[in-house]
């Protein structure tokens, strides 16, 4: 189970002559098994933080320690392995491969990890059952509703059983009822499967499932609230 | 009037509405450079090639005009008569040279001489070569290229003789000759002259007169004297000027100044003015010809014909450019789906959206025209030498851009862009708004292809081949009469119909073909192979668009190169069939046996003698006697000459006494069969011609040939289609003809020809020179020499060179096209790729997806294109020389040739395209995940 710690995390985006400082020395800690919500206004650096934790981007300065390893020191192939095995990313707009069926999308990370066919099939079926999408497994993303797509996306993120899940506005494109279903799913993943989850969201209902809520403003942690979960 | 004003106002309003979009269209084209490039690239490449071709034609127009004027006897030439024995030639010449625009003028007179002989005795054959009195400072065009030794400036009372003629009468420089005016059998007047110069004819003249036989070179012999000696010479020869004599002249003008190939009217006017001035100088009695005017008249037709010919030859490039343009426009419209959907949500009508997209296409066309003209100038430098059918060299810096070319290119670019954009614009504007906001519009998942047109094209093509085959074999009746020559008229375009129809059918009718071929990518993409397979099967339209471009380009290239190579091989075969071996020697003296001398010539590996037999057959057939062993060793006839294809059997028939080979025409028309008996007979006569008896020999038809190479009466053996007795031929062995070969019987056997086989590596030029030097050699024909001469034709070289450039340009289109389409497609799929990388794929693995998909599509295009190209070329070769029954065709069959340059095309083109795909994939491998996911839906 990972312990996550960031120290003086800085990320600067440069576009031509202009600079945008997305994170200004952010310090945070996440213990294993925690479900953390990250909130803040648009442009405060939430998604940037998630990208850095997920190994999708590299910080300009600072440290990101996951289980004692500094992500900054990882080489590109090591970062690929980190993304493949240690973290599962869930996007706001689902980002499923549109030409693959639901079950093929779920298998994709397992194929990347070179799992055998029988192992893939078993794990795939487990995950589809977990998210309640067994009957819709043969459908393509454009044949699924938003909620269904997000469930599949969660299955994809869980495919290689990563200890850490990162979710960027997972309910942003969903209606209230569906969004609640997704949040419930997150709670199950955290409580039953002991996944460490960091969720970036505006959804106020997250307070019912999160252990802590971190408030980010202007690239820094402004404060944190112990949530009801 | 009120109604019409309403109508006009409606039109104007509609026009203003549409034109109101013009600034929007123009700004979209000019600001979105990447999208504009992708939209116009195909049409840009097509108009670049057309522009380059037209500019090259225009730039080489002067060289073409000069080439068409080559060989004329002066830009102007004239004749005038005088009775003045002391005519002042110098004054006339000076007046002509002083005339404005004249750069050279030449006067000459013909000198009537019966013959010229060696002063020490008559020559071998009395002969009088044409003799001209000239001004050496301004020689006439007849002496163009002639090398005079020491010079044309002859001392007084001397003569210049052509070398072969001088050799024939045994004189050289400084020797004395006698010019003779033989008035009648008893009266002759002479003039003693010194040989003051020896004239060598230019190598470009047909000096294929390789023997010393006077009748061979005399047509090219000539002699010259100085114009100042004409009075003295005519006095000596007692030729009188009192009844009048002709002075001839040639005038050359400053063509660079007065002859403008691009302005025919101004040139004609200038020429008329010059002609008037010259007429005044030579006087009203003189006859002046303008040799430029009629050729200039024809020249504008020549230029127009050239443009049309090369435009037609450029059709493959234009067609590919259209296809690539259609894909590029489709991609650019797809990229703007959401933007156009937003326009529609804000009230734009479907027609307005279509109008906007067409307007953008037209603006893009103008950009393509401008850039195409500039690029065309660069390309034209490479085309200068291949657009001139006369082979006249054009200086590299020669550059002409005519208004006609600019207008033609602009028109073509705009029309092509509007054409390729129209269907895509209609489709894009018709998409429902809500669907265009999705990731993949439903239209992407289906090919939306109707095969009717392509099935019709293929059906017409195949039906035409069937009709040609049937028409060629069917006897003439009502149906064949009604059908007429229509199938044969369609024959040249059938390959085009088949190539276009088949490639479209095979690449677009089903997505399964991509599924089958995607298995080829499995070894490279491993765990991600199934994504490629799914992508290709579920998004077949774009794959098909790329595959068809590749297939069309390769099909055209392979077809064209194969047909050219097949034709060239056929021509070589025809020449070899005519000559019979590497070399054929016709003896000047048919009695003397040249076999030993020829065999001893260095470089000769074998010699065989062909004898024409003067024997009767009861039919009007020619009979030839061959030594089977040496004939087959030297001529090496191929199997197709023999009806049963068996060369060895043909040899055995000739080797067996009493058996003969007959020609197919003889067999068919005389209703003969294998095994039939023929009787050969000849009269025996003594030296006084008294009949002593008849020799008869019965022979059996042992085999059938179309003809035997080198055996016949020269080129006429290839006289095509003539079905009379002329092709009736009987070939016998020496053993069978032994009774007729007895010298005591007189000359029943005439040595018609010697066939010579050259040793491997022997230089035919050296061997030919040695053979020509032999006594009693009449003429020599060399297969390699005639093949070289055919291939040296400027027109053939120009067309072959142009097609080579075109195929190279096709490879450029394919590479640029595949690269462009992959690049645009990768941009569209950035989020998909970023998500895959975010889920644990490496950049390299994800890039392999792109390359893998490109590899499969290239493989589909390659397989279909090469298959269709070879198939259509193979079948076309069977009908290359086909015509209706009764129309002459070559007796030499066509054998399909797949040349090495087609193989190179098949290997290099896909290699170049894969390289382009790889370069595009490098971008995908280094995608900025955070930026893409942040900006495009993360």
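Things to note:
- Every residue from the stretch B:158-181 that is surrounded by 19 or more Cβ atoms within 10 Å (Cβ to Cβ), more than 16 Å from residue B:113 (Cα to Cα) and touching a helix residue (DSSP H, G or I) at 6+ places or on another chain (Cβ under 8 Å): B:164, B:168
- Residue check for residue A:52: buried (at least 21 other Cβ atoms within 10 Å of the Cβ) and at the interface with chain B (Cβ under 9 Å from one of its Cβ atoms): yes
- Considering residues of the stretch B:486-526 that are touching a residue at least 24 places away in the same chain (Cβ under 8 Å) and within 13 Å of chain A (Cβ to nearest Cβ) only, the residue surrounded by the fewest Cβ atoms within 10 Å (Cβ to Cβ): B:511
- Residue B:472 vs. criteria at pLDDT below 70, outside any loop (DSSP other than H, G, I, E, B) and more than 28 Å from residue B:36 (Cβ to Cβ): yes
- Subset of the stretch B:825-835 that is more than 7 Å from chain A (Cβ to nearest Cβ) and at pLDDT 85 or above - its residue that is surrounded by the most Cβ atoms within 10 Å (Cβ to Cβ): B:834
- Pick from the stretch B:130-144, criterion crowded, with 19+ Cβ neighbours inside 10 Å and farther than 19 Å from residue B:92 by Cβ, ranking: modelled with the highest pLDDT: B:131
Results for (1) free of Cβ contacts under 8 Å to residues at least 60 places away in the same chain; (2) over 16 Å from residue B:866 (Cβ atoms); (3) surrounded by fewer than 21 Cβ atoms within 10 Å (Cβ to Cβ); (4) in contact with a strand residue (DSSP E or B) (Cβ under 9 Å, 6 or more places away or on another chain), shown as yes or no for each residue.
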site: B:557; (1), (2), (3), (4): no, no, no, no
site: B:567; (1), (2), (3), (4): no, yes, yes, no
site: B:573; (1), (2), (3), (4): no, yes, yes, no
site: B:576; (1), (2), (3), (4): no, yes, no, no
site: B:584; (1), (2), (3), (4): no, yes, no, yes
site: B:589; (1), (2), (3), (4): no, yes, yes, yes
site: B:592; (1), (2), (3), (4): no, yes, yes, yes
site: B:598; (1), (2), (3), (4): no, yes, no, yes
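- Taking the stretch A:1-112 and the helices (runs of 4 or more DSSP H) fully enclosed by it, the elements with 3 or more residues that are modelled with pLDDT of 90 or more are at A:46-53, A:102-112.
- Answer from B:317, B:327 - the residue that is buried (at least 22 other Cβ atoms within 10 Å of the Cβ) and either within 28 Å of the chain's Cα centre (by Cα) or closer than 21 Å to residue B:404 by Cβ (or both): B:317
- Residues (away from chain B (no Cβ under 13 Å) and either closer than 28 Å to residue A:4 by Cα or in contact (Cβ under 8 Å) with a residue 60 or more places away in the chain (or both)) located in the stretch A:135-163: A:150, A:151, A:163
- Any hit, the stretch A:218-226, residues being under 27 Å from residue A:122 (Cβ atoms) and out of contact with any strand residue (DSSP E or B) (no Cβ under 6 Å at 6 or more places or on another chain): no
- For residue B:200, the conditions (1) free of Cβ contacts under 8 Å to residues at least 60 places away in the same chain; (2) surrounded by 15 or more Cβ atoms within 10 Å (Cβ to Cβ); (3) touching a helix residue (DSSP H, G or I) at 6+ places or on another chain (Cβ under 6 Å) are fulfilled apart from (2).
- Filter result for residue B:822 (surrounded by 21 or more Cβ atoms within 10 Å (Cβ to Cβ), more than 14 Å from every other protein chain (Cβ to nearest Cβ) and at pLDDT below 85): yes
- Taking each residue of the stretch A:106-134 that is without any contact (Cβ under 8 Å) to a residue 40 or more places away in the chain and more than 11 Å from chain B (Cβ to nearest Cβ) and looking for partners that are crowded, with 18+ Cβ neighbours inside 10 Å and in a loop (DSSP other than H, G, I, E, B) with beta-carbon atoms closer than 6 Å, six or more apart or interchain, yields A:128/A:137.
- Residue B:645 vs. criteria exposed (fewer than 13 other Cβ atoms within 10 Å of the Cβ), modelled with pLDDT under 95, in contact with a strand residue (DSSP E or B) (Cβ under 9 Å, 6 or more places away or on another chain) and on the phi > 0 side of the Ramachandran plot: no
- Test for residue A:170: is it facing chain B (nearest Cβ under 9 Å) and surrounded by 20 or more Cβ atoms within 10 Å (Cβ to Cβ): no
- Any chance residue A:62 is within 14 Å of chain B (Cβ to nearest Cβ) and touching a strand residue (DSSP E or B) at 6+ places or on another chain (Cβ under 6 Å): no
- For the stretch A:34-49, the set of residues classified as touching a helix residue (DSSP H, G or I) at 6+ places or on another chain (Cβ under 7 Å) and away from chain B (no Cβ under 11 Å) consists of A:35, A:37, A:38, A:40, listed by residue number.
- Residues being in contact (Cβ under 8 Å) with a residue 40 or more places away in the chain and within 14 Å of chain A (Cβ to nearest Cβ) - total across the stretch B:530-555: 10
- One residue alone among B:711, B:777, B:701, B:771 is closer than 29 Å to residue B:656 by Cα, touching a helix residue (DSSP H, G or I) at 6+ places or on another chain (Cβ under 9 Å), modelled with pLDDT of 85 or more and crowded, with 22+ Cβ neighbours inside 10 Å, and that residue is B:711.
- Residue match in the stretch B:27-47 (condition: at pLDDT below 90 and outside any helix (DSSP H, G or I)): yes
- Contact map, the stretch A:87-104: first residue within 8 Å of another protein chain (Cβ to nearest Cβ) and within 18 Å of residue A:124 (Cβ to Cβ), second residue in a strand (DSSP E or B) and modelled with pLDDT under 85, Cβ cut-off under 6 Å, separation 6 or more or different chains; the map is empty.
The values are calculated or read from the model by the stated rules, or taken from the named source; none is laboratory data. Since this is a predicted model, take the numbers as computed values, not measurements. As a convention, Cβ positions derive from the backbone with ideal geometry for all residues, glycine included, and neighbour counts pool all protein chains shown.
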